[in-house]
Amino acid sequence: MAQSASASSKSSKQEASASTDGRVAAPARSAPQKAMDKLGLVRDIDLALHLPLRYEDETRLTLLRDARDGQTVQIEGVVSDNRIEARGRRQLIVRLDDGTGEVLLRFLNFYGSQQKSWAPGVRLRVRGELRHGFWGREMVHPTVRIVSGNTPLASSLTPVYPTSAGLPQAYLRKAVASALTRAPLEELIPPELLPGRWPRLREALDFLHHPSPEVSLLALEDHSHPAWQRLKFEELLAQQVSQMKARAERAHLKAPVLSATPQGLRDRLLGVLPFELTGAQRKVCEEIALDLHKPQPMHRLLQGDVGSGKTVVAALAAAVAMDAGWQCALMAPTEILAEQHFRKLVGWLEPLGIKVAWLTGSLKAKAKREQIAAVASGEAQLVVGTHAVIQDQVTFARLGLALIDEQHRFGVAQRLQLRRKLESSELEPHLLMMSATPIPRTLAMTYLADLEVSTIDELPPGRTPIVTKVFADTRRPEVIERIRDEVARGRQVYWVCPLIDETEDSDQAADEAAGRASNSRPPLDLSNVTQTHQELGESLAGFGVGLLHGRLPAAEKADVMARFASGELSVLVATTVIEVGVDVPNASLMVIEHAERFGLSQLHQLRGRVGRGAVASVCVLLYASPLSDSGKQRLKAMAETTDGFEIARRDLEIRGPGEFMGSRQSGAALLRFADLNEDQGLVARARQVAETMLRDHPDAAQRHVARWLGQKSEYLKA
Ligand code: ADP
Ligand code: MG
């Protein structure tokens with residue numbers, strides 16, 4: 001880290017000496033500069049690595065006579081007329097003549113000054129899509145330049161960069177071009193580790209920013225050109241190196257050596273469980289036991305499909321740590337989920353003499369103080385809660401093992417906070433993360449090179465497969481009849497509604513982190529879920545129909561859940577707050593309304609709430625037409641498979657890896673150029689080269705990471 005800090009301050013010094021716009025001396029930033037900061041375009045190297053999305057060809061002119069409608073072309077001509085058309089929508093219309101034909105330029109947004117400067121007789125070079133309009137050929141909002149008869153044409157293709165509001169292309173182009181001349185781009189990867197046909201980094205960048213017009217646009221745009229290969233490889237290498245370093249750093253950390261003793265707490269817990277572990281559960285328990293027995297902190301991801309039984313595996317690991325006198329913490333992303341864990345663990349462990357503390361943001365001050373005191377004194381051996389568990393006021397007497405459920409659903413801020421918490425003790429605690437979203441292998445290799453992965457690949461016996469049906473929402477009355485049958489037979493039903501903007505997890509987490517009261521959150525549109533609740537209440541008179549959503553007070557949520565769990569409520573109308581962890585084996589039917597609005601892995605998680613008992617379960621996906629293509633693909637995938645790995649694979653296919661990993665939410669665009677589906681070969685090569693560089697050229701490896709990731713490398717560790 002120290003090295004990367006010095007590398008970036010070095011580059012900003014270079015920037016200071018080279019900068020002529022006074023930007024370093026005067027801290028006031030212009031709007032485009034601020035927009036660049038936001039995009040992470042801070043150092044010269046950041047700009048140099050900000051690659052075009054596509055290109056425009058301004059190297060040649062097309063004669064109107066030769067241009068086809070629908071073509072995007074650059075033409076040059078003389079203004080013959082201009083006027084403001086006031087009928088209908090106000091617009092500026094400029095008539096341009098290039099000697100072989102005429103075209104109308106239409107501007108719906110314009111300044112009065114533009115009408116003046118684009119006066120008859122002025123020569124314009126314009127670029128846009130030619131189409132056939134009402135009054136003949138036209139271009140709507142072309143780019144316009146005033147030229148003289150001998151203004152030269154561009155000599156290379158014009159880059160079009162990813163940008164954001166307040167940052168015009170022209171500004172960004174200039175900033176990138178000048179940063180490119182200053183950025184330190186010396187070769188850091190020893191040439192013998194690269195294929196000979198790849199260009200050097202500087203050449204690759206010069207080329208990608210300003211390619212010559214002869215090059216195949218296709219090779220540029222599908223990223224198969226060797227210059228692109230080089231850049232993608234660089235990016236993957238940075239990621240591999242930073243993760244291998246993190247892993248190596250961890251090897252120097254010390255953690256308590258833990259092992260189960262015969263007849264100890266672990267064995268006693270196994271003795272009171274109402275079921276036998278599956279083979280898969282036993283296998284992952286072994287893997288975890290080996291880690292706990294090492295003097296370095298465990299850093300393991302436990303993945304297993306919804307309902308595969310991760311909680312008991314976590315509890316068994318905790319039993320080992322607690323038996324040796326260490327404390328454990330179990331953290332879940334939502335209060336509902338945390339509470340499920342709390343109940344289950346209290347049920348299993350309190351009879352064995354373990355005191356379990358409970359910590360969430362919604363606790364009253366006094367109760368919170370008591371719980372925190374019990375954790376600080378060591379009186380509570382286990383604490384369960386939301387991320388309130390890692391808040392600053394919480395100190396552990398002897399934390400030996402941290403368990404994080406659905407860890408990817410925590411925001412970056414919380415993950416960094418967790419790291420700080422873990423690092424604050426002299427011996428680092430072991431860390432076990434759990435996820436029901438299986439991560440495909442290439443993704444795991446790329447993003448999670450720093451994690452060991454254990455997989456539960458078998459469901460407990462006695463589960464009956466879920467049948468999934470996809471219906472248009474016009475069949476809603478029929479579905480309600482079906483619900484009536486089900487509840488009349490004593491079964492229970494979930495009805496899930498989407499909530500525009502239901503962001504319970506992250507909102508609540510952010511609020512709790514900022515110490516804000518949860519009622520300061522903006523109002524949500526709850527009309528869908530409350531209307532459905534009312535409707536079902538009326539059509540199913542005589543049966544208990546409950547309502548659950550993220551904005552209910554915690555006590556009410558808990559009450560509704562308890563009444564559903566006890567069977568007092570037959571139907572639970574809920575938003576996605578039930579997505580994770582809710583466990584009512586008697587529930588045999590789930591209806592998901594507006595299923596087309598949910599993501600695939602979310603649908604899979606939701607569906608996992610049924611099919612937990614011995615009765616055959618059904619999941620009905622109601623959709624509103626028309627379906628988008630990806631909506632269709634998602635629903636089709638749901639109907640075709642219940643296998644979490646297959647779902648994850650398709651999800652990756654539909655959404656792409658960036659989205660999949662929630663990198664937007666994390667604020668770090670982790671992979672910008674490489675595509676894990678297409679570039680699997682590059683991933684494997686990057687892994688090898690990363691190993692070699694760390695061994696033989698550690699300084700260059702470190703500089704490579706700093707160059708590529710800069711401040712983002714912190715996020716990667718989170
Ligand atoms: P998830 O992996 O989705 O977190 P849970 O840990 O909540 O799954 O387990 C789902 C349900 O299966 C729980 O009711 C749990 O007690 C039960 N369960 C776990 N392991 C077994 C097993 N080996 N045999 C039978 N039931 C089990
Ligand atoms: Mg779980």
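The values are calculated or read from the model by the stated rules, or taken from the named source; none is laboratory data. Nothing here was measured: the structure is a model prediction, and the numbers come from that model. Methodologically, a virtual Cβ is constructed for each residue, glycine included, from the backbone with ideal geometry; neighbour enumeration extends over all protein chains shown. For the accessible areas, the whole protein counts, side chains as well, though only heavy atoms, and no ligand, DNA or RNA atoms are used. Shrake-Rupley method; radii C 1.70, N 1.55, O 1.52, S 1.80 Å.
Per-structure values
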quantity	calculated
Whichever lysines have a C-alpha closer than 21 Å to that of K636, once near sequence neighbours (fewer than 8 apart) are set aside	K469
Reachable lysines from K34, criterion Cα separation under 26 angstrom, eight or more residues apart if same chain	K10, K13, K174, K712
Radius, Kirkwood style, for the chain when every pair of distinct Cα atoms is counted (Å)	29.3
Average accessible area per residue (Å²) across segment 244-379 - probe 1.4 Å, nucleic acids and ligands excluded	43
Partner lysines for K421 [C-alpha distance under 16 Å; skip if fewer than 8 residues away on the same chain]	K254, K717
Rounded to the nearest 20 debye, dipole of segment 60-153 from Cβ charges on Lys, Arg, Asp, Glu	280
Protection-proxy order for peptides 532-539, 567-574, 365-372, 283-290, each taking the mean of Cβ atoms within 10 Å per residue, highest first	567-574, 283-290, 532-539, 365-372
Derived scalar couplings ³J(HN,Hα) [segment 105-116; Karplus, 6.51 cos²θ - 1.76 cosθ + 1.60; whole Hz; x for Gly, Pro]	9, 10, 10, 8, 10, 7, 9, x, 5, 5, 4, 5
Peptide ranges 492-499, 621-628, 169-176 listed from the most packed, as the mean C-beta count within 10 angstrom indicates	492-499, 169-176, 621-628
Cβ-Cβ FRET estimate between E423 and E458, R0 fixed at 35 Å, reported to 0.05	0.50
Protein accessible area in the chain, 1.4 Å probe - carbon and sulfur %	52
FRET efficiency estimate (nearest 0.05) - Cβ-Cβ, R90 to I146, R0 25 angstrom	0.60
Difference of contour (0.36 nm per residue) and Cα-Cα distance, E221 to A541	109.2 nm
Contour minus Cα-Cα distance for T181 and V272 (0.36 nm per residue)	25.8 nm
Charge dipole of the chain about the Cα centre (unit charges at C-beta), most positive-ward option of L61, T72, V577	L61
Ellipsoid equivalent to segment 89-245 - semi-axes via the Cα gyration tensor, in Å	42, 17, 15
For segment 60-153, accessible area per residue (1.4 Å probe, heavy atoms of protein chains only), Å²	57
Built amide H within the under 5 Å cut-off of V140, gap 5+	R106, E129
Dimensions (Å) - segment 265-456, Cα atoms, principal axes, largest first	47, 39, 33
Selection from G196, S178, P152, by position along the positive dipole direction of segment 134-271 (Cβ)	S178
Extended-chain gain in nm, criterion 0.36 nm per residue less alpha-carbon gap, A616 and Q115	173.2 nm
Sequence ranges 680-691, 188-199, 87-98, ranked by mean other-Cβ count within 10 angstrom, highest first	680-691, 87-98, 188-199
Expected 222 nm ellipticity per residue - DSSP helices of 4 or more, -39500 (n - 2.57), all of the chain, to 500	-12500 deg cm²/dmol
Whole-Hz ³J(HN,Hα) from phi, Karplus 6.51 cos²θ - 1.76 cosθ + 1.60, for segment 133-147, glycine and proline x	x, 4, 9, x, 6, 8, 10, 9, 6, x, 7, 10, 10, 7, 10
Charge dipole (debye, nearest 20) of the chain; +1 at Cβ of Lys and Arg, -1 at Cβ of Asp and Glu	1220
